[in-house]
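J.: Starting off with a structure, shown below.
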Amino acid sequence: MSIPHVDDKTLSVEMLMTPLPLGTALPLDNVLDLAKNMKEKGRGSVIVTEYVTNAAGSKTGTKPVGIITERDMVRRVVADSKDPHSTIAYDIMSKPLITVGPEATVYDAALIMTKYNIRKLPIVRDNTLLGIITSTDLARRMYEENRSDPTLQAMSRFREVEKLAEAQNIQSGQEQTKSGYNPLTRVEDMHAPEKFLENVPKFKRILVPYDASPMSDKALRYAIYLSKISNSDIFIVNVIENYEDLKDVLPTTIKAEQEGRPEKSSMNDLQGVDLKVSVEGALRKVIEEKVRLCQEAGLNNQITYEIHTGKASDEIIKLAELKGFDLIVMASHRITSTLKSIGSTARKVMDNVKKPVLLIHE
């Protein structure tokens, strides 16, 4: 099903989920029978449900209580040398069952699946199973939304090359078996994939100029994605060109320095507050919150940040050269945020740094 363009923080999981009927089992079901059923139906998991009874003891329905995946079968039966004939679903199911309601957003689902390191998330309302959303669904959604992005297109083409090389290796092995001669055994052909991979960039450190605007948030999300697939560290920098430009945001962003004062105090109330310290304190809170969200989303690589003063383009160029970043990810349009520091510097950065620059457009 083609999903119209809707922000993942708005699109509900109900639009992406696989609805009923789903594979289900009872807690006392035999694991061997479950495995055979999963293979026959082509399912990668089953939801374990138990009967719900009323006060009179009559069954009124079922409610989901656990999930069994192919991975559970391998880890909790095969690897533990359990007899599948005598093992029941309750013994190996993952519990308590982590679920979301149908009104949850795709963004919520992605965060939950990352936090708990799960690949399948049942959709439940009032103890009633409605469907399931998987990591494959989220990956497909991401591809559909971003397939015009040049970075993802390049990754897709690279994967196609990998598949082609793999197919050639398989085919060459078959031909050699049949005829005793392999046309691809020439030295240059055998090492072609290795030579190609030698030129693939390996990002170790990514620089992200950040100014707390929605567009710099988007640039940071791209950097997080690239960090996950390339195992690279992220360095966030905010450049303040003029502290006076930020006076208007002080009353609503800085409360710790205004202890005992009303939130919407006038600028006269800011007398005695060190402007530089106050502004940098507010920015640190914003950036540290982004770092925390990155870590909660499962990013295990190092994330650091610095706040600089001066001309934004000059500071970014200087950092790129001094600290050896492999890639710069930044917004490409003029930022209108009060905390502006990137803006029209994108063109100057591109013209002056000797590093790859990924520009994120609106």
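The values are calculated or read from the model by the stated rules, or taken from the named source; none is laboratory data. Nothing here was measured: the structure is a model prediction, and the numbers come from that model. Quick reminder, even Gly has a Cβ in these numbers, built from the backbone with ideal geometry, and neighbours come from all protein chains shown. Remember, those area values only see protein heavy atoms, side chains included, never the ligands or the DNA or RNA. Shrake-Rupley method; radii C 1.70, N 1.55, O 1.52, S 1.80 Å.
J.: Separation between the L275 and V291 pseudo-spin-labels, each 7 Å from Cα along Cα→Cβ, expressed in nm?
T.: So the two model labels end up 2.7 nm from each other.
J.: Let me make sure I get this right: for region 65-112, a, b and c are the square roots of the gyration tensor eigenvalues over alpha carbons, sorted descending. Under 1.5 in a/c it's rounded, otherwise prolate if a/b > b/c, else oblate. Which is it?
T.: It comes out prolate by the Cα gyration axes.
J.: Per residue, what accessible area does region 22-72 have, given a 1.4 Å probe and all protein chains present, in Å²?
T.: Averaged over the residues of region 22-72, the accessible area is 56 Å².
J.: Take each of the peptides 13-23, 204-214, average the number of other beta-carbon atoms within 10 Å over its residues, and list them starting from the highest. Numbers along the way, then the final one.
T.: On the way: 13-23: 16.1, 204-214: 22.3.
Ranked from most to least packed, the peptides come out as 204-214, 13-23.
J.: Quick one: Cα convex hull volume of region 16-110, Å³ per residue?
T.: 130 Å³
J.: Could you look at region 1-126 and say what percent of its accessible area is carbon and sulfur, using a 1.4 Å probe and all protein chains?
T.: Answer for region 1-126: carbon and sulfur cover 52 percent of the accessible area.
J.: Measure up K202/K276; K9/K285; K63/K218 against 28 Å on the Cα-Cα distance and list the ones that go over. Write down the numbers at each step before the final one.
T.: Details: K202/K276 38 Å; K9/K285 23 Å; K63/K218 39 Å.
Violating the 28 Å Cα-Cα cut-off are K202/K276; K63/K218.
J.: Can you give me the long-range amide H partners of V239? Hydrogens built in the peptide plane at 1.01 Å from N, cutoff under 5 Å, separation of 5 or more residues or another chain.
T.: Under 5 Å from the amide H of V239 lie the amide H atoms of Y210, H308, each far enough along the sequence or on another chain.
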